[in-house]
Amino acid sequence: MSKTDRLISLQEGTESEEISRSEVKRQMEALQELGKRITELRPDQQALVPMDDILRKAIEETRKISANGALRRHFQYIGKLMRKADADAIKIALNQFDTSRNEHNQKFHALEVWRDRLLTDTDKSLTDYIREFPEADIQKLRQLIRNTLKEQAMGAAPANYRKLFKFIRETAEAQDNA
């Protein structure tokens, strides 16, 4: 049997699994890709991903690297660190932020509905919002609603409209993580 065809035996508990070198390489590349996905998140989203301090520091260092070769080597290092991490928990956390996933889209649309309700039927929907999100800063929410309505009346750029959505999103994320 040649070197490339030889199987690598890995011990897992009491069972012995035989995994080919190419399968081990695919697993390592998958972990590296998972680490790369973490680096593509916003810093506030990265903070919600369960990982140890060494991996978190390596993820943060990625922002400082601009050379392609160095970046490639750094992703390999992140992949190496990912071997010790709980990949399943990280995948679950990443799926919360994956915009191509249906679950994420449903949450996003629900937040848009809240924003639109708060702007059209302010009093009733504000009471409903407070009931659903009791931790929300009501004073700030009222101010954002007022500013957005003024902005829409004047036909100005939708800066406060975006701020209102960001506030609603952050409040929902804080409640989900509590």
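Each value in this text was obtained by applying a stated rule to the coordinates, not by laboratory testing. Not measured: the values here are computed from a predicted model. Cβ placement follows ideal geometry from the backbone for every residue including glycine, while neighbour counts extend to all protein chains displayed.
Values for this structure:
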| quantity | calculated |
| --- | --- |
| Listed residue (F167, H109, T127) projecting farthest to the positive dipole end of the range 99-178, Cβ model | F167 |
| Per-selection Rg to Rh, the range 102-177 - Cα, Kirkwood hydrodynamic radius | 0.96 |
| Pairwise label distance in nanometres, N177 with Q106, each label 7 Å out on the Cα-Cβ vector | 2.2 nm |
| In nm, spacing of pseudo-spin labels at D137 and E33 (7 Å Cα→C-beta vector) | 4.0 nm |
| Local electrostatic count, I78, Cβ distance below 13 Å [Lys/Arg +1, Asp/Glu -1] | +4 |
| Taking H109, H74 and counting other C-beta atoms within 10 Å, the order from fewest to most | H109, H74 |
| Summed residue charge, Cβ within 13 Å of E40's Cβ, Lys/Arg positive, Asp/Glu negative | +2 |
| Neighbour-count order for E173, E61, fewest beta carbons within 10 angstrom listed first | E61, E173 |
| Ratio Rg/Rh [Cα only; Rh per Kirkwood] for the range 50-139 | 1.19 |
| Lysine pair count for the chain [Cα-Cα under 17 Å; pairs on different chains or 8 or more apart] | 17 |
| Helix 122-132 axis, angle to the chain major axis (alpha carbon atoms, nearest 10°) | 40 degrees |
| Rounded to 10°, Cα long-axis angle of helix 159-177 versus longest principal axis of the chain | 50 degrees |
| Size of electric dipole in the chain: Cβ of Lys, Arg +1 and of Asp, Glu -1, about Cα centre, debye, nearest 20 | 860 debye |
| The chain: relative contact order in percent, alpha carbon pairs under 8 Å with at least 6 residues between | 16 percent |
| Unit charges at the beta carbon, dipole of the range 7-97: most positive-side option, H74, V49, L31 | H74 |
| Rounded tilt (10° steps) of 102-120 against the dominant C-alpha axis of the chain | 10 degrees |
| Rg followed by Dmax, in Å, when the chain is reduced to its Cα trace | 22.8, 77 |
